[in-house]
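Input: a single structure, listed below in structure tokens.
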Amino acid sequence: MVNHLDKSNNPIMVDVGNKKITERTAIAEGEIIFDKNTFKKIDSFKSKKGSINNIAIIAGIMGAKETSRLIPLSHNIPIESVEIDISRNNKKNLIKVIARVKTSAKTGVEIEALTAVSISCLTIYDMCKYLNKSIKISNLRLVLKKGGKSGNFKR
């Protein structure tokens with residue numbers, strides 16, 4: 001089992017030096033849930049702060065790239081691609097964010113994908129909070145992980 005503590009229980013960054021470079025992919029998702037009236041007001045994916053969709057995509061990509069600066073003990077990973085998909089569910093008054101992150105490295109990109117979704121969701125909240133502060137971010141989760149020693153994972 002990989003651990004972030006040394007023999008004296010002090011925090012360490014896990015040594016991945018002996019691991020093989022392999023292609024790794026992770027997909028994460030999350031939702032921003034609105035009340036019906038607020039959701040109708042952002043029907044065009046625009047707010048008074050600009051295009052919700054485009055700004056949240058850029059923010060998510062930036063979040064994935066900055067993960068090692070935000071999450072203690074995570075590795076600085078060379079990210080090959082980040083794709084952010086943002087869609088609306090009009091029946092449930094929510095916006096769904098999906099992030100796909102890919103690398104060829106010695107460790108995976110699950111945290112990068114989760115960070116991308118988190119930052120995209122926080123950006124949407126920030127852009128819409130003037131309408132209603134009770135907006136809820138929910139269901140942040142890893143959906144898929146491919147590659148690496150621990151194998152594949154699919155929710």
ask   = Would a scan of region 95-106 turn up a residue that is within 14 Å of Gly30 (Cβ to Cβ) and free of Cβ contacts under 8 Å to residues at least 24 places away in the same chain?
value = no
Over region 73-97, the set of residues within 28 Å of Lys20 (Cα to Cα) and out of contact with any Pro (no Cβ under 8 Å at 6 or more places or on another chain) is Ser74, His75, Asn76, Ile77, Pro78, Ile79, Glu80, Ser81, Val82, Glu83, Ile84
Within region 125-155, restricting to residues that are modelled with pLDDT of 95 or more and of a type in the set (A, V, I, L, M, F, W, C), the one that is surrounded by the most Cβ atoms within 10 Å (Cβ to Cβ) is Ile135
Restricted to region 119-147 and to residues being assigned to a strand (DSSP E or B) and not basic (Lys, Arg), the residue nearest to Ile21 (Cα to Cα) is Leu144
*Yes or no: Asn93 in contact with a Lys or Arg (Cβ under 9 Å, 6 or more places away or on another chain) and modelled with pLDDT under 95?*
no
Taking region 8-28 and keeping residues within 22 Å of Leu114 (Cβ to Cβ) and either surrounded by 15 or more Cβ atoms within 10 Å (Cβ to Cβ) or at pLDDT below 90 (or both) leaves Pro11, Ile12, Met13, Val14, Val16, Lys19, Thr22, Arg24, Thr25, Ala26, Ile27, Ala28
Restricting region 29-54 to residues that are in a strand (DSSP E or B) and at pLDDT 90 or above, the one farthest from Leu142 (Cα to Cα) turns out to be Ile33
Of the residues that make up region 105-121, is at least one within 16 Å of Ala56 (Cα to Cα) and more than 10 Å from the chain's Cα centre (by Cα)?
no
If you go through Ala26, Ala116, the only one that is assigned to a helix (DSSP H, G or I), in contact with a strand residue (DSSP E or B) (Cβ under 6 Å, 6 or more places away or on another chain) and within 23 Å of Phe153 (Cα to Cα) is Ala116
Query raised in the report: Do the conditions hold for Ser134, that is, is it hydroxyl-bearing (Ser, Thr, Tyr) and touching a His at 6+ places or on another chain (Cβ under 9 Å)?
Result: no
Exactly one of Lys96, Lys65, Lys106, Lys102 is in contact with a His (Cβ under 9 Å, 6 or more places away or on another chain) and surrounded by 13 or more Cβ atoms within 10 Å (Cβ to Cβ), and that residue is Lys106
Looking across region 29-40 at residues that are within 20 Å of Asp85 (Cα to Cα) and either among the β-branched types (Val, Ile, Thr) or exposed (fewer than 14 other Cβ atoms within 10 Å of the Cβ) (or both), the single one that is farthest from the chain's Cα centre (by Cα) is Ile33
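The values are calculated or read from the model by the stated rules, or taken from the named source; none is laboratory data. Bear in mind the structure is a predicted one, so any value in this text is a computation, not a measurement. With ideal geometry, Cβ positions are generated from the backbone for all residues, glycine too; neighbour counts draw on all protein chains shown.
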